[in-house]
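For reference, the structure discussed in these notes is given below.
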Amino acid sequence: MNHDRSRALYDRALSVLAGGVNSSVRATKPYPFFIQRGDGAHVIDADGNRYLDYVMGYGPLLYGHSVPEEIQAAIQSHASAGPMYGAPTEIEVEHAEFVSRHVPSVEMIRFVNSGTEATVSAVRLARGYTGRDKIVIMQGGYHGAQESTLVEGSAEHPKPSTAGIPESFAQHTIPVPFNDTEAIEQVFSEHGSDIAGVLVEPILANMGIVMPVDGYHETLRSLCDDHGSLLIFDEVITGFRVGGLGCAQSRFGVTPDVTTFGKIIGGGFPVGAIGGRSEIIEQFTPAGPVFQSGTFSGHPVTMAAGLSYLEYAAENNVYSHINDLGSQLRTGLSEIVADQAPTYTVVGTDSMFKTIFTRDGAPDPDGHCSGGCQQNSDCSRFAHCPKTGADVSRAETDRWERIFWHEMKDRGIFLTANQFESQFVSYAHTKADIEQTLEAYKEAL
Ligand code: PMP
C-alpha cells in the first residue's frame, strides 16, 4: 500500500497541530493514514487505499459511513435551515422525549457537546445534589479528559494521571478495582458519608473490554442506596449500543440515578448528555443551583442526526443485525485464537469486540468462560478473561500493536490502534465482511 500522501500530510500536521493530531489516539505509528472519505463499512485514505472499518469513529457510527436516506435528509434539512441559534428548538425536546421514553431511569436530560462534558457535569451535579465532594471511579475506567477522573493509584493514594492536574484535586477521587466487591465495601465503610457518587462504565470499554461479574452493579446500587450516594452509569459507549434502546442498564437490570451519554445519540456529530430522575437533573441551572451551560448544547443538526439515528433503530432490526455479526465475529475469532494463539482472549458483547493478550489465558478445557462475568456465551472460551483494568494493562501492548494494528492494516482492516480501545461492528457491515475479517486475522496471527 502506498501512503505517500498521508505521510506528507502528517509532516504538515506536525508543524501546526500538537503531535500532528487533535485527539491523542489518532497518532498511530509510524504515522497515521489520513482519511478522505467513508463508504458504508469502509474508509478510503488520502492515497486511495480502502479499509474495512471497525473503529467507527470510536463508537458513534452505528450505521457506518453511509447513513440511510431518512437520516441524511434530517441532517441536511437542519444544516441548511440554520444551523444553530442560541434559542431553543423543537428537535431538542423531541430527542429528550425519545431518550426518556426508552431509558426508564431517565426522566429528564441535559444535552451537552461531548462525553467529557457530560461526565464533568455529572460529577458537578452529584456534588451539588449531595453536598459531598468524593467521587469513586474504577481503575482502568475512562470518562474523558476531565480533572476529577484522570486519577490513578489506589483509594489510599490517588494521584493525577496527567500533568496539569493539581495533586489536591485527586484527593477528592477514590479509584477502586472494577469487579472487586470487597474493595468497594471497604471504601464505603471508610468514606461513605463523604461519597457524592460512584461513576462507572457498566462495561469497561476503554481498557480492552471488561464485563461486570454477576452482582457487581447490584452491589454498587445497594451501597449507594445505603449511603445516600448517586450511582452514575457512564454509557457514553454502551448507550444505545449494548442492550439496544434500553442501553446497558436494561441489559444488567440495574437502575442508575444518573446516566451520561455521548457518541451514538449525536448521530456522528459532537454530543453528550446527562439524564436521570427529574429531582436530580433539575438541580442544573436555570432550574436549580448547579451551573451548567453551553453555546452549542442541543445543536439542532446534532439533535436531528441523533434522533433520526435512534428512530431508525427503533423501526428497523438494526441491533439484531449488528449483534448477530458481532457474535459471528467473536465466535470465529475465538476459534482462530484457540487454534493459533491461545494466549489471546476474545472479549466483547453485542456489537463490541476485542482481542487481549493475556499470557496466562490458557483455553478452558470445558470450552467455557469460568469467571462468572456476564459475557455472551459465545464471547470467550477462556479461563482468564479479564476482570479488572489491571488484568488488561498487563497485556503485551507492543505485540498487540504489531500483530493487530500493523498486520491487519496491511490486510485492509482498520482496527483501533492499541490494546485498550473497543472495536465496533456497524449496520453497514455484512456477513462477507466478517468472513474477510476472520481470514485476515488467521493470516495475521
Ligand atoms: N466516557 C466514556 C465511557 C468514553 O468512552 C469516552 C470517550 N471514549 C468519554 C466518556 C469521553 O467522551 P468524549 O471523547 O466525547 O469527550
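Bear in mind that the values in this text are calculations on the coordinates, not laboratory data. Source: prediction; values computed, not measured. A quick note on method: Cβ atoms are made from the backbone with ideal geometry, for glycine too, and the neighbour counts reach across all protein chains shown.
For the reader, a short list of remarks on this structure follows.
- Estimated [θ] at 222 nm from DSSP helical runs (n ≥ 4, -39500 (n - 2.57)) normalised by residues in the chain, nearest 500: -10500 deg cm²/dmol
- Comparing the range 24-99 with the 2.2 N^0.38 Å rule of thumb, its C-alpha radius of gyration ratio is 1.44 (two decimals).
- Rounded if a/c under 1.5, otherwise prolate or oblate - the range 69-315, Cα gyration tensor axes: prolate
- Straight-line reach from residue 159: taking Cα to Cα under 14 Å and skipping same-chain neighbours fewer than 8 places apart, the aspartates and glutamates in range are 147, 167.
- Take each peptide in 393-399, 84-90, 243-249, 73-79, count the other Cβ atoms within 10 Å of every residue, and average; sorted highest first, the result is 243-249, 73-79, 393-399, 84-90.
- Gyration tensor verdict on the range 153-242 (Cα atoms; rounded if a/c is under 1.5, prolate if a/b is larger than b/c, oblate otherwise): oblate
- Largest first and in whole Å, the equivalent-ellipsoid semi-axes of the chain read 32, 28, 21, each the square root of five times a Cα gyration tensor eigenvalue.
- DSSP finds beta bridges in the chain, and of those with both partners inside it, around 65 percent are antiparallel.
- Nearby lysines by direct alpha-carbon distance to residue 409 (threshold 23 angstrom, same-chain neighbours under 8 apart not counted): 29, 354, 431, 442
- Cα gyration tensor, the range 399-438 - rounded (a/c under 1.5), prolate or oblate: oblate
- Net length gained if the chain between residue 37 and residue 436 were fully extended (0.36 nm per residue, minus Cα distance): 141.5 nm
- The order of the peptides 12-21, 150-159 by mean Cβ neighbours within 10 Å, most packed first, is 150-159, 12-21.
- Mean Cβ count within 10 Å, highest first, over the residues of peptides 202-214, 186-198: 202-214, 186-198
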